[in-house]
Amino acid sequence: MFKLKSQFSKLLALLLIVCLTFFTVSVANSQQRPLNEAQSQISAKDATKYKLASELLSETGIDKRYDMHFDHLIGSLIGKGDDFNLYARFKKMFQREIGWKHFQDAYAKRLETDFSEDELKELLSLFKQPLMKKLLQSEVTAYEVDTSKQRFKMGFELWNNYNDSKISLPD
């Protein structure tokens, strides 16, 4: 009976997350305003700055790492992480519905706002250096290879301990 309650609570959590995800995407899509004529005529400088920001996101790997962060959520949803086929299907769904492609413009616009064209060029130059590429790849490897199984296991145990009232939320 207890196992059934635990499975039911996981299913409810999954449904809640999926509903919230679709709601968030729906709200974000509905709030996009049409461009007026003045807004649609982007200056060459703005286009260059936006292009630099987009290239920087790609060069730093932010575009690829964004979708990696679904791993935590998926790990808590599907359990111990033994069913890698199910995990891969969930990840594809998350990427399709709330993945990087939905937010890449917002990230590029944030960089465009926060940095000058010269600063973006300098950052791009920095992230193209072999040592920086090696550092970024090391971080990805640590996240995906070195710690993923431990994260899944710890996340699963945390969720079960919370559901079993062995731990509580902090005040």
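Take region 117-135 and flag every residue that is in contact (Cβ under 8 Å) with a residue 40 or more places away in the chain and of a type outside the set (D, E, K, R).
Those that are in contact (Cβ under 8 Å) with a residue 40 or more places away in the chain and of a type outside the set (D, E, K, R): L120, L123, L124, F127.
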Practice task
Have a look at D114, D83 and point out the one that is without any contact (Cβ under 8 Å) to a residue 40 or more places away in the chain, over 19 Å from the mean Cα position of the chain (by Cα), over 15 Å from G61 (Cβ atoms) and surrounded by 12 or more Cβ atoms within 10 Å (Cβ to Cβ).
Solution key: D83
Problem - All helices (runs of 4 or more DSSP H) inside region 63-171 with 1 or more residues being farther than 30 Å from T48 by Cβ and at pLDDT 90 or above - result: 84-98, 130-141
Handout entry: Scan of region 147-156 for residues that are without any contact (Cβ under 8 Å) to a residue 40 or more places away in the chain and either exposed (fewer than 12 other Cβ atoms within 10 Å of the Cβ) or among the hydrophobic types (A, V, I, L, M, F, W, C) (or both), ordered by number
Key = Q150, M154
Handout entry: Top-ranked residue in region 55-76 [being aliphatic (A, V, I, L, M) and within 18 Å of E144 (Cα to Cα); ranked as farthest from the chain's Cα centre (by Cα)]
Key = I74
Completion exercise
Of the candidates T60, T48, the one satisfying the condition of being open to solvent by less than 30 Å² (accessible area, probe 1.4 Å), at pLDDT 70 or above, among the β-branched types (V, I, T) and closer than 29 Å to S116 by Cβ is T60
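The values are calculated or read from the model by the stated rules, or taken from the named source; none is laboratory data. Small disclaimer: the values here were computed from a predicted structure and weren't measured. A quick note on method: Cβ atoms are made from the backbone with ideal geometry, for glycine too, and the neighbour counts reach across all protein chains shown. Heads up: the accessible areas ignore ligands, DNA and RNA and are worked out on the full protein's heavy atoms, side chains in. Shrake-Rupley method; radii C 1.70, N 1.55, O 1.52, S 1.80 Å.
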